[in-house]
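Worksheet for the structure shown next.
The values are calculated or read from the model by the stated rules, or taken from the named source; none is laboratory data. Remember, predicted model here, so these are calculated numbers, not experimental data. Quick reminder, even Gly has a Cβ in these numbers, built from the backbone with ideal geometry, and neighbours come from all protein chains shown. Remember, those area values only see protein heavy atoms, side chains included, never the ligands or the DNA or RNA. Shrake-Rupley method; radii C 1.70, N 1.55, O 1.52, S 1.80 Å.
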Amino acid sequence: MNIILLGPPGAGKGTLANKIKENKNAVQIATGDIFRYNISNETELGLRAKEYMDKGDLVPDELTVDLVWDAFDKIEKNNSQDNIVLFDGFPRTIDQASALDKGMEERGQQIDHVVYFDIDEEILIHRITGRRVCPNCGATFHIENNPPKLEGICDVCGTKLIQRNDDNEETVKNRIDIYKSQTSVLIDYYKDKGILISIDGANSPEEVFEEFCDKLGV
Ligand SMILES: [Zn+2]
């Protein structure tokens, strides 16, 4: 089963993905992780992506799509028993969405559900500005909603947590605006296909997970 988690930054996509992985047979395809992995392992695709990033340019859609398929095909080969694949942070644009459909078709597969996180902007801003991340393993915390056991230290690997530069209020508002302008099209795209499911992103992680399981029947 292939599922897309669609929602603005801070809506809880990563948190839900982690809960699904803990409780179900699932793997996650997160573009952020894929970029990090390919760049640090200096793969051919990673080196190409790095060239754009070093120049401060956006990685083009075609290359992002190649990286996603590379990860997807590895998962299919190594973990054929996994029955849920979660796309997190992808697709972001309509071009990426149609490339995803095309690639699925070529593999005799399809996107089964698109889970859309419906959430108020004020809640998002509070969530993102309180977010702290581990620069080493990518684990995410929140100073109020999900504090680490030891203040400022990653529970997973013990590294000192940081606040990402772009997690301040002004940048967050800007990111939400960009997101909205790109995603409103995606919401319609998947609604038209009849596979869009809305989830209340303002709820607690437990409630979000419950709603996910109820609505998808998993
Ligand atoms: Zn860590």
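Here are a few things to note about the model shown:
- Full-extension gain in nm, Asn165 to Glu105, via 0.36 nm per residue minus C-alpha separation: 17.7 nm
- Distance from the alpha carbon centroid of segment 153-207 to that of segment 17-43 works out to 16 angstrom.
- Hull volume per residue, based on the alpha-carbon atoms of segment 1-95 and their convex hull, is 108 Å³.
- Per residue, segment 6-57 exposes 54 Å² of accessible surface when a 1.4 Å probe is rolled over the protein heavy atoms with every protein chain present.
- Cα-Cα separations in the chain greater than 26 Å, expressed as whole percent: 37
- The loop-placed trypsin sites (Lys or Arg not before Pro) in segment 1-81, going by DSSP, that have at most 13 neighbouring Cβ atoms within 10 Å of their Cβ come out as Lys55.
- Summed side-chain charge close to Pro147 - residues other than Pro147 whose Cβ falls under 15 Å, Lys, Arg +1, Asp, Glu -1: +2
- Protein heavy-atom surface of the chain, 1.4 angstrom probe: 46% of the accessible area is carbon and sulfur, with nucleic acids and ligands not counted.
- Sequence-distant lysines (8 or more away, or on other chains) whose Cα lies within less than 25 Å of Lys149: Lys13, Lys19, Lys21, Lys160
- Distance between modelled label sites at Lys77 and Ser40, nm, 7 Å Cα→Cβ extension: 2.2
- The chain: antiparallel DSSP beta bridges as a percent of all, rounded to 5: 25
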